[in-house]
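Novice: Take a look at this one; I'll ask things after.
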Amino acid sequence: MRIMDRYLAATWLRLLLLCQAGFLAVYLILDLMDKFGRFMRAGAPLPAVFEFFFFKMPEMLGQTMPFAVLMATLLALGALSRSSELTALRSCGLSLPRIVAPLLVLGFFCSLLLLLNAELLVPNSYQRMDYVEKVLIKKQNRDTFFRLNNIWFRSNNLILQAKAFDPDAVMLKGVTLWDLSPEMEPLQRMDAQRAVYGPRGWILEQARLRSFTGPGGVRTLSQLPVSLTLKVDDLRLLDNNADNLSFRKLRSYARSLQRGGYDASRYLTMMHAKLASPFAALVMVVLGIPFALRTGRTAGVARGVGVGVALGFVYFVVNAAVQSYGRSGVLPPLLAAWGANVIFILSGIWLAMTVKQQ
């Protein structure tokens, strides 16, 4: 049995490395074709371009490995089925779970590798990649900053700090705005529950205006327009960057929002997804086993590739849809993050049981 396990594991690993290298190469070429022209028009030095794609490799690995795992499972079991090796093993009295146990173990280790990659490598590499793109390549000034508990933005003599951004309502929450003199002395402080973006720009709602010049005092206004140059697209970009934060930072950020009385469903879903998403590799093994056994004896390589792409596409579409419900607060964050994994694992087990009965 150890010989059989080593043989099956070696076959699967060789195909995994081949598929992973192929997916990374395709991803890199397509991304290079998409960005290289823009980078060159921006006058980017070639070392900065190479540095950008180097630091993007951990993100590419996280996005492509589940597909590579699925393809390796389909191709490995398909090849063994076509050569009747699986039939020989089953005729010796071995059950299907025992035969595919090495693949399940390897899929689990791939999930752990993706988890470590997402927690340890991606956050740091993404920050470096973003810096290279914005500062070294596009020569932009980074006036907007996303920190663990705050969003900061400077617009001329105004400095804004906000607790959270709601991309669906186009709204900043927990806003504090400082009006400074040219000598950087505070003239006014404006606190508001939220700032809403409209046709006239940003408007503070339920604002408290405190003046530090003249008679001083505090005024309460239902609405207060402010002349901020902050763009909604910049905030959406910052919010998307939260996907690349680590589990611990997302948990801390979500807790700080909850302590402030804000809805943290969006970031709680992202937090749980940090643990759930890497296990897509194990899901792909469980899902690929019954499809490989059903089509392995009759399907060619091209059909196996087509099945793999279709399965991976369906999984990630369902996963994105379920998580979107969690981010909007319709589903509990834990259920939204793990829902697709549970659905597809149960589906794979049921399909494997029907194969066993044939």
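Novice: Within the stretch 173-191, can you find the residues that are hydroxyl-bearing (Ser, Thr, Tyr) and either over 18 Å from Gln206 (Cα atoms) or surrounded by fewer than 14 Cβ atoms within 10 Å (Cβ to Cβ) (or both)?
Specialist: Hit for the stretch 173-191 is Ser181, nothing else.
Novice: Same structure, new question: Might you let me know whether the stretch 131-151 holds any residue that is touching a strand residue (DSSP E or B) at 6+ places or on another chain (Cβ under 6 Å), outside the structural domain of Arg14 (by TED's automatic domain parsing) and aliphatic (A, V, I, L, M)?
Specialist: Yes - at least one qualifying residue is present in the stretch 131-151.
Novice: Has the stretch 259-278 got any residue that is in a helix (DSSP H, G or I), farther than 24 Å from Arg82 by Cβ and at pLDDT below 80?
Specialist: Here is the first cut: in the stretch 259-278, the ones in a helix (DSSP H, G or I) are 259, 265-278.
If we keep only those that are farther than 24 Å from Arg82 by Cβ too, we end up with 259, 265-278.
Now drop any that are not at pLDDT below 80, which leaves 259.
Yes; the residues of the stretch 259-278 include at least one that is in a helix (DSSP H, G or I), farther than 24 Å from Arg82 by Cβ and at pLDDT below 80.
Novice: Can you report the number of residues in the stretch 118-172 which are β-branched (Val, Ile, Thr), surrounded by 16 or more Cβ atoms within 10 Å (Cβ to Cβ), under 21 Å from Met57 (Cβ atoms) and modelled with pLDDT under 85?
Specialist: Counting residues in the stretch 118-172 that are β-branched (Val, Ile, Thr), surrounded by 16 or more Cβ atoms within 10 Å (Cβ to Cβ), under 21 Å from Met57 (Cβ atoms) and modelled with pLDDT under 85 gives 1.
Novice: Among the residues of the stretch 156-170, count how many are more than 21 Å from the chain's Cα centre (by Cα) and over 18 Å from Thr229 (Cβ atoms).
Specialist: Total meeting the criteria: 2.
Novice: A follow-up question, please. Kindly establish whether Gln20 is free of Cβ contacts under 8 Å to residues at least 60 places away in the same chain, out of contact with any helix residue (DSSP H, G or I) (no Cβ under 6 Å at 6 or more places or on another chain), within 19 Å of Ser277 (Cα to Cα) and not hydrophobic (A, V, I, L, M, F, W, C).
Specialist: Here the answer is no, as Gln20 does not meet what is asked.
Novice: Then there is this: Among the residues in the stretch 79-89, are any in a helix (DSSP H, G or I), surrounded by 14 or more Cβ atoms within 10 Å (Cβ to Cβ) and at pLDDT 85 or above?
Specialist: Checked against the condition, which is being in a helix (DSSP H, G or I), surrounded by 14 or more Cβ atoms within 10 Å (Cβ to Cβ) and at pLDDT 85 or above, the stretch 79-89 yields no hits at all.
Novice: For the stretch 56-78, which residues satisfy the criterion of being part of a helix (DSSP H, G or I) and either under 16 Å from the mean Cα position of the chain (by Cα) or without any contact (Cβ under 8 Å) to a residue 24 or more places away in the chain (or both)?
Specialist: Listed by number, the residues that qualify are Met57, Pro58, Glu59, Met60, Leu61, Gly62, Gln63, Thr64, Met65, Pro66, Phe67.
The values are calculated or read from the model by the stated rules, or taken from the named source; none is laboratory data. These numbers come from a predicted model, not from an experiment. A quick note on method: Cβ atoms are made from the backbone with ideal geometry, for glycine too, and the neighbour counts reach across all protein chains shown.
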